[in-house]
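Chemist: The following block contains the structure, expressed as structure tokens.
Each reported figure results from applying straightforward, stated rules to the coordinates on display, with no laboratory input. Note that the coordinates shown come from a computational prediction; the quantities given were computed from them, not determined experimentally. All Cβ positions, glycine included, derive from the backbone under ideal geometry; neighbour counts span all protein chains shown.
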């Protein structure tokens with residue numbers, strides 16, 4: 001059973017972003033599965049790094065479209081992205097240095113962050129882009 005199950009309520013209506021969100025859900029599930037199975041630090045670290053890198057790619061994609069169409073909530077949305085990138089970087093540094101082992105709490109944090117980000121923050125841009133026929 002998946003740790004985080006994709007739900008239609010997560011859909012923004014923007015196909016490329018919904019696909020990227022689904023990939024992030026999959027990576028969080030992979031990370032949680034690796035930790036639950038007690039897989040080696042390097043395997044879990046690799047999945048965490050992939051999750052961080054893909055998140056940055058997704059954020060860049062969203063921000064590019066927001067700038068292109070002068071989305072009014074761009075600065076607030078970007079600040080939220082920047083905050084998570086910083087937190088994720090700190091998490092990775094702690095993991096790499098051995099100062100922290102990844103735990104189910106880490107997965108739970110990522111799950112809560114992603115679902116809140118999609119359902120609250122990303123849903124704000126949904127109607128803006130759909131009104132502009134961006135899907």
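Chemist: Going highest first, how would you order 3-11, 123-131 by mean Cβ packing within 10 Å? Mind dumping the intermediate values first?
Modeler: Working: 3-11: 13.7, 123-131: 15.3.
Ranked by mean Cβ neighbours within 10 Å, highest first: 123-131, 3-11.
Chemist: When only Cα pairs under 8 Å and 6 or more residues apart are kept, what is the percent relative contact order across the range 14-131?
Modeler: With pairs under 8 Å counted, the relative contact order is 37 percent.
Chemist: Taking the Cα atoms only, what angle lies between the long axis of helix 41-68 and the longest principal axis of the chain, rounded to 10 degrees?
Modeler: Between the helix axis and the principal axis of the chain, the angle is about 10 degrees.
Chemist: Mind jotting down the distance between the C-alpha centroids of the range 104-135 and the range 15-74, whole Å?
Modeler: That distance is 12 Å.
Chemist: Where does helix 15-36 land angle-wise versus the long Cα axis of the chain, in degrees 0 to 90, nearest 10?
Modeler: 10
Chemist: Compute and list, largest first, the equivalent-ellipsoid semi-axes of the range 14-131 from the alpha carbon gyration tensor, each √(5λ) rounded to a whole angstrom.
Modeler: 28, 14, 11
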